[in-house]
1. Taking the DSSP beta bridges in the stretch 127-302 as the whole, what percent of them are antiparallel, to the nearest 5?
2. Put a dot 7 Å past each Cα toward the Cβ at R22 and S2; how far apart are the dots in nm?
3. At a Cα cut-off below 21 Å, give the lysines reachable from K223, other chains included and same-chain residues fewer than 8 away excluded.
4. When you count, for each residue, the other Cβ atoms within 10 Å and take the mean per peptide, how do 132-142, 78-88, 234-244 rank with the highest first?
5. Which shape class, rounded, prolate or oblate, goes with the stretch 243-325 when its Cα gyration tensor gives a ≥ b ≥ c as root eigenvalues, a/c under 1.5 marks rounded, and past that a/b bigger than b/c marks prolate?
6. In the stretch 1-145, what % of DSSP beta bridges are antiparallel (nearest 5)?
7. Restricting to the chain, what percent of DSSP beta bridges are antiparallel, rounded to 5?
8. How far is it, in nm, from the label point at R181 to the one at Q129 when both lie 7 Å from their Cα along the line to the Cβ?
Amino acid sequence: MSEVIIGVDLGGTNVKTAVVSRDKKILAKDSRPTRAEEGPDAVMDVMEAAVRDVMRQAGVETSQVIAVGFGAPGPMNWQTGVVYSPPNLPGWKNVPLADAMRDRLGMPCYVDNDANVACYGEYWMGAGQGTESMAVFTLGTGVGGGMIIFGRLLRGIDGTAAELGHMTVQRDGRRCGCGARGCLEAYASVTGMVRTAVEGLEAGKESALRDMCGGDLAKLTGKMISDAARAGDAFAKYVFEETATWLGLGIATIVNIQNPEMVVLCGGMIAAGEMLFDPVRRVVRENAFEVPAKRCRIVPAGLGEDSGVLGCAGCALARHEEQSA
């Protein structure tokens, strides 16, 4: 009887689910709306239904499932599986997600931070396969992160390790969503990039971006900036380069601290390709120690949008095997 692991990536908009074999073959996948606005019980209904549906698709019985891994937004206690108060999940307050889903499914269930599972997914099945030490930056509305140290996910005593988007890069800088000032996220995320563009446009910079958003700067998007930069708009190119520079400075800090073999970039921003990666790599070379900077490869995610859901499965397998040893 072949054994499988199930990953469930819980997002504010969608729940992604996958069945993965021990030898890393994807047997079934599913994505469906989270129904977050209906509260925790409704969301758990969605996840339970998704798990049972992918099991049917894969032809898998409960007895074949080693474990189910859930990736959820923090804050949380990864050891107890309690999710405290994620901002994108209304009504969630100290929800015992691991225990609740274990009761519903009758299978071992584990919960980890969503950025951490994306990191583990790239290590287990993606661009980081074969490495022992690596870091992941997830680039979207915010900047998430994760670290693998000699084959193990770095979680920290309180489960808050590797919040790479919240290293301080500018004293008394922009206010971040976390409440602090000068976080990398406030400059290197899509939100930060849009803010850089809006500040310049409000200061009178000329750019095609004004026409692209119909003169309403509140409608400006990261894709507009990327498209304008590709089309040769000088200000858009400056904004993109500035964003990449901040990201490169953050990565250079991690290179000096961790000495990783690889840094993997995930999320929508990597669609910009070398327009992003070239300046990031240059800034890292200029600002990190020479030896670790030369060693470290900075690459795009190998799993695309599946880093999280596959990482959920990988984390669950690793944790189950540790507990069973």
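1. So the antiparallel bridges in the stretch 127-302 amount to around 55 percent.
2. 1.2 nm
3. By straight Cα distance, K223 reaches K205, K237.
4. Output ranking for 132-142, 78-88, 234-244: 132-142, 234-244, 78-88.
5. Cα axes put the stretch 243-325 in the oblate bin.
6. The antiparallel fraction comes to roughly 65 percent.
7. In the chain, approximately 60 percent of DSSP beta bridges are antiparallel ones.
8. Spacing of the two 7 Å Cα→Cβ label points: 4.7 nm.
A short reminder: the numbers here are calculations on the coordinates, not readings from a lab. Keep in mind it's a predicted model, so treat the numbers as computed, not measured. Using ideal geometry, Cβ is built from the backbone for each residue, glycine included, and neighbour counts are taken over all protein chains shown.
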